[in-house]
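The values are calculated or read from the model by the stated rules, or taken from the named source; none is laboratory data. Keep in mind it's a predicted model, so treat the numbers as computed, not measured. Heads up, the Cβs are rebuilt from the backbone with ideal geometry, glycines too, and the neighbour counts pull from every protein chain shown.
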Amino acid sequence: MANKGGGLFRYADGVDKVLLFLGTLGSIGDGMMSPVNMYILSGALNDYGSSHQSFSNQIVDKYALRLLYSAIGVGISAFIEGVCWTRSAERQASRMRIEYLKSVLRQQVGFFEDLTDSSSTFQVISTVTSDAHSIQDTIADKIPNCLAHLTSFILSLVVAFKLSWRLTLAALPFALMFITPGLGFGKALMSIGAEMKAAYGNAGGIAEQAISSIRTVYSYVAERETLENFSNALQKSMELGMKQGFTKGLLIGSMGIIYAAWAFQAWVGGVLVTEKGENGGDVFIAGICIILGGLSVMSALPNLSFISEARHSASKIFEMIDRNPNIHSENGKEKLLSHVRGEVEFKEVDFSYTSRPETLVLHGFNLKVQAGKMVGLVGGSGSGKSTAISLLERFYDPVNGDILLDGHNIKKLQLKWLRSQIGLVNQEPVLFATSIKENILFGKEDASMELVIKAAKAASAHDFIVKLPNGYETQ
């Protein structure tokens, strides 16, 4: 469904390509509104002001109908534009989010432990929402708007040249001058926006860390310190916001060049009408088209910054989607055992965490556990007890040595199948934001209610669960 590369439209399938094509036609039709209406009005002004033609309802009806037909055409085009682009954006963003989360869940445990900075963890989590939403909004709104404005710019110049090429040539530099502040200030705004996003990410990381460790914050009475850290992180974003506001003010203020352009066009147009014999309606509308063309460029340029930002967001998402973990759970080359006895053996196992590669947690570790036997690993903190279980679950692979299950190297066994054969109770239990029943079913979604109750009784939890107001359905 997706090709590597592909930019923003990497997850566009055949239906999406049809929607994008129709949406592009709709954007072009939407952008034709101003130049087409101006062209119609030029004829109306010439007829209304002509001394050789009497003013009648027939003339009014003729141009009113033309404007009506134009309005209907533009309305249909805008409808197609909105429906097709928005629908395709939703479809593509949905696939992108699913593939991103699928890739995150495919990574080995070490990948998440390498994200020692809380802001990095926050950014990984927020990418599936904020960055994907940025891409969706760009496809649904910014790209069609940009196409419509660029169409309006090109056709406005075409109409202006057709009506009065002399005025258009004389005033064209003013239209191009609209582009300069848009490009300069637009680039500055894009740079400031990227810095603000990073600053908000740092602040969000502080909040996420504090909330996820709220017991520690309370126990050390660190609420004030947390607020100060959060406030300091927001200070940079506030400074950037002020800088962004100043830049936007300069950009909006630069639009004053419109009045200078209009004054110049009025003088040139007067000369063309009085001395060159051009029609007043053509000259007047040509001047308006030049102004509208310049404004269309100014309106299109901010969309380019959003498109560039969305491409950057897409590159981060695609980098994660294309990331291949060292411990892969879906390559389909491993085997399954038809019967598991449960004999486990560690043979000359060496292991160190990627965060501390020079420190071996296990060195030449040997252990053999017979099937059906109960074994306890005893040792001080950091001696490798939990590490041994993590290696058996293949959260990590040993640096050296082998781990065997019934004489088979666990690296050659299908990862999901291997983990499904192991029951693991962590030191710190985790409850997901759903019902008690759904939490118990998390390890086996197709289990019956009888098995759910049996598991709860085995964990000595059934008695207090049934006393809750909603029993196993308690959230």
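One residue stands out in the stretch 425-474 among those that are exposed (fewer than 11 other Cβ atoms within 10 Å of the Cβ) and in contact (Cβ under 8 Å) with a residue 24 or more places away in the chain: the one that is farthest from Thr387 (Cα to Cα), namely Ala433. Against the definition (in contact (Cβ under 8 Å) with a residue 24 or more places away in the chain, within 30 Å of Glu358 (Cβ to Cβ) and not small (Gly, Ala, Ser)), how does Tyr396 come out, yes or no? Against the criterion (in contact (Cβ under 8 Å) with a residue 24 or more places away in the chain, within 30 Å of Glu358 (Cβ to Cβ) and not small (Gly, Ala, Ser)), Tyr396 qualifies. Against the definition (of a type in the set (S, T, N, Q), within 23 Å of Leu405 (Cα to Cα), part of a strand (DSSP E or B) and in contact (Cβ under 8 Å) with a residue 12 or more places away in the chain), how does Asn366 come out, yes or no? Yes, satisfied.
Yes/no matrix, rows are residues, columns are (1) of a type in the set (A, V, I, L, M, F, W, C); (2) surrounded by 12 or more Cβ atoms within 10 Å (Cβ to Cβ); (3) in the same structural domain as Thr127 (by TED's automatic domain parsing):
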{"position": "Gly287", "(1), (2), (3)": "no, yes, yes"}
{"position": "Val297", "(1), (2), (3)": "yes, yes, yes"}
{"position": "His339", "(1), (2), (3)": "no, no, no"}
{"position": "Val349", "(1), (2), (3)": "yes, yes, no"}
{"position": "Tyr353", "(1), (2), (3)": "no, yes, no"}
{"position": "Leu362", "(1), (2), (3)": "yes, yes, no"}
{"position": "Asn366", "(1), (2), (3)": "no, no, no"}
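In summary, helices (runs of 4 or more DSSP H) completely within the stretch 393-475 and bearing 3 or more residues that are aliphatic (A, V, I, L, M) and either under 28 Å from Gln108 (Cβ atoms) or within 41 Å of the chain's Cα centre (by Cα) (or both) occur at 436-441, 449-458. Of (1) over 30 Å from Tyr100 (Cβ atoms); (2) touching a residue at least 40 places away in the same chain (Cβ under 8 Å); (3) surrounded by fewer than 21 Cβ atoms within 10 Å (Cβ to Cβ), Asp141 satisfies all except one. Which? Only one criterion in (1) over 30 Å from Tyr100 (Cβ atoms); (2) touching a residue at least 40 places away in the same chain (Cβ under 8 Å); (3) surrounded by fewer than 21 Cβ atoms within 10 Å (Cβ to Cβ) is unmet by Asp141, namely (1). The stretch 169-273 holds helices (runs of 4 or more DSSP H) entirely within its bounds, and those carrying 2 or more residues that are over 24 Å from the mean Cα position of the chain (by Cα) and closer than 21 Å to His149 by Cβ map to 179-212, 223-253.
Taking Lys276, is it over 30 Å from Lys197 (Cβ atoms), assigned by TED's automatic domain parsing to the domain that holds Leu169 and basic (Lys, Arg)? Judged against the criteria, Lys276 is a match. Restricting Leu240, Leu234, Leu163, Leu227 to those that are of a type outside the set (Ser, Thr, Tyr) and under 30 Å from Ile288 (Cβ atoms) reduces the list to Leu163.
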